[in-house]
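Report on one structure; see the data block that follows.
The values are calculated or read from the model by the stated rules, or taken from the named source; none is laboratory data. Computed from a predicted model, the values in this text were never measured in an experiment. We place every Cβ from the backbone using ideal geometry, glycine too, and count neighbours over all the protein chains shown. Heads up: the accessible areas ignore ligands, DNA and RNA and are worked out on the full protein's heavy atoms, side chains in. Shrake-Rupley method; radii C 1.70, N 1.55, O 1.52, S 1.80 Å.
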Amino acid sequence: MANFMQDSVVKYACSCGILNPISRLFFCRHCPNLRCGFCVCHEVDSHFCSNCLENIPSSEVRHKKNCCASCFDCPCCQNTLSPRATSVIVPKKVEESHSDSAKGESPKVITKKMYYLSCLACRWTSRDVGIPDQVVATGAWPENECAYQTRFNALSEYYQAVVQQDKQEKQEYLRRKAPRSHKFPSLTDRTGLTVSIIRRQMGWSDKNTQKAKPVNIAASQQFEDVGELPEAIFTENINLRNSGCIQFFTELFSQIIHKLILVTSIKQRHNQPSEQPFDISKLYPQRRCMWIKRSLRCRQCEHNVIKPEYHPTSIKYRIQLFASYHVPDVLLVKCDQLLQPGQLNAVILKLSNPTMHDMVIKIADLPSLADNQSGKMTEDFKRLCSIKDTSLSATNAMDSLKSLTGSSSLTGPSSLSGSSLIRHSFIYEEPRPVKQIVNSKLLPLDKAFTLNLRDDSKEFDEETQTQTEEPKFIVWRKANKVLLRLNFIPHSDLKNCDDVYLGFNMLYTYVNTVTITPEKKEPTTHDLNCRVYIKVGQISK
């Protein structure tokens, strides 16, 4: 809790080499490996409004420019505007007033209920900018139209037609240069129906499709006639003692003070990029932007890591593979003594098992700096993330696919003759070595130890667990938590107030309950490892 608003002192190395705390990492059960925000693909599942909680399809969101139709934000403080009701006196018609006066009755006052937008935070109302009141609370509130909207729409249509024409010309050029697969015309060319379907599947346009032509629009005009300043401004000297100058600067200063109160801020202008008003009186309510629910997919195996519920009011997940649910959590408790360069010291770490199976953990040294800089780990990561090359022949591709899947059902060169099995590779983050320099030497533990499974009922036990053969480095054990002591020696060349970093390789066993193939119905056990880096403290002399 002390590090909630600060940088975490314990960080894990992702498979791509980026250091992150365990709260920002994901765990893919199909690879299995740690994944950071750069190792996953972000996919938008649904759009919704955070105020009215209305789910809107993606096509409608694009049509509404990613804004809600019924919710507005205050242009001054960016809070949500609320409709307020008021009573307005409506004048009677001329015929009704004459009839009432003929009967000798006193004229009755007719009131009508009207609505306007108001901010409960800064007391801004829609009446401040002259927006008329509406009859209903969810009425169509008028928007400030941009003066350049017509020109912008014309330019958008023009460049869309230019892009479409360029795409059609490129497809036509590729069709002419591509070699024909058959020497003689196929039987499907006689009807033309299947040829059209094949062209669509290949991404080509139909032969009878009309070519897109850009619409002629008026070109933008450049004006060079700009009013020039008189030469007297650059030649005459300014006399500040003159009464006219004093009066001029006094009036200018009073106008500036008056303007500063009514001038919009940079944030308010950026929220209205079409107009960018200078005065507060020209700020109009802005439609509330849509929020999204996104799912995260592993770049290597393309399985979902995070999958939220579809409904906007639900905070649950269908799939939630956070690293804190599958990887042992390491916390720094304390150091035995003050950190001195070249002297033996010990650190107390707290490890907890978040899974429902026992873990066997072993603390080992990190890979040497020469192996890290030589790129050996980088090449291993690239080899694991590699996708079969599209330039392979049918036989080689079949052998590669058979070695990956372990299935012998895909036999024969005809099984890979189509292009359906060739998938496009994702954009992988380039793996990099860890830049964090470890300036202390770890004394590794002599043997491994067992971390018990997570049991919520044991949290209420007052007695700690005691085992007959407990390793010497274990200080305390209860339920799925263990306190262990790690000995290390800071480097002797460290100076006063230098940060001391400790790193180790944590080897642990993970029980995967995901059934990958129908033949494997029992959970499988994997021997995994992760690199942990800890900021122990500072040197004090």
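Miscellaneous remarks
- Hits in the range 113-125 (condition: exposed (fewer than 13 other Cβ atoms within 10 Å of the Cβ) and more than 38 Å from the chain's Cα centre (by Cα)): 113
- Number of positions in the range 475-505 that are assigned to a strand (DSSP E or B), open to solvent by less than 20 Å² (accessible area, probe 1.4 Å) and without any contact (Cβ under 8 Å) to a residue 60 or more places away in the chain: 1
- Residue within the range 31-41 that is open to solvent by 30 Å² or more (accessible area, probe 1.4 Å), under 22 Å from residue 307 (Cβ atoms) and of a type in the set (Val, Ile, Thr) present: no
- Tally, over the range 126-170, of residues that are open to solvent by less than 60 Å² (accessible area, probe 1.4 Å), β-branched (Val, Ile, Thr), under 27 Å from residue 275 (Cα atoms) and part of a helix (DSSP H, G or I): 1
- Residues of the range 277-292 satisfying the condition of being part of a loop (DSSP other than H, G, I, E, B) and either over 19 Å from residue 130 (Cβ atoms) or touching a residue at least 40 places away in the same chain (Cβ under 8 Å) (or both): 283, 284, 285, 290
- Any hit, the range 431-443, residues being in contact with a Lys or Arg (Cβ under 6 Å, 6 or more places away or on another chain), in a loop (DSSP other than H, G, I, E, B) and either of a type in the set (Ser, Thr, Tyr) or at pLDDT below 90 (or both): no
- Of the residues making up the range 340-367, those that are over 22 Å from residue 21 (Cβ atoms) and either out of contact with any Cys (no Cβ under 9 Å at 6 or more places or on another chain) or free of Cβ contacts under 8 Å to residues at least 12 places away in the same chain (or both) are 340, 341, 342, 343, 344, 356, 357, 358, 360, 362, 365.
- Meets criteria (modelled with pLDDT of 65 or more, surrounded by fewer than 13 Cβ atoms within 10 Å (Cβ to Cβ) and part of a loop (DSSP other than H, G, I, E, B)) for residue 216: yes
- Yes/no for residue 459 being more than 30 Å from residue 16 (Cβ to Cβ), open to solvent by 70 Å² or more (accessible area, probe 1.4 Å), in a helix (DSSP H, G or I) and at pLDDT below 80: yes
- Of all residues in the range 263-273, those being surrounded by 13 or more Cβ atoms within 10 Å (Cβ to Cβ) and part of a loop (DSSP other than H, G, I, E, B) number 3.
- Here the range 49-93 is the region considered, the condition is being open to solvent by 50 Å² or more (accessible area, probe 1.4 Å) and among the small types (Gly, Ala, Ser), and the residue that is nearest to the chain's Cα centre (by Cα) is 58.
- Considered as a group, the residues in the range 330-352 that are farther than 12 Å from residue 483 by Cα and part of a strand (DSSP E or B) include one that is most open to solvent (accessible area, probe 1.4 Å), and that residue is 335.
- Filter result for residue 319 (over 20 Å from the mean Cα position of the chain (by Cα) and not in a loop (DSSP other than H, G, I, E, B)): no
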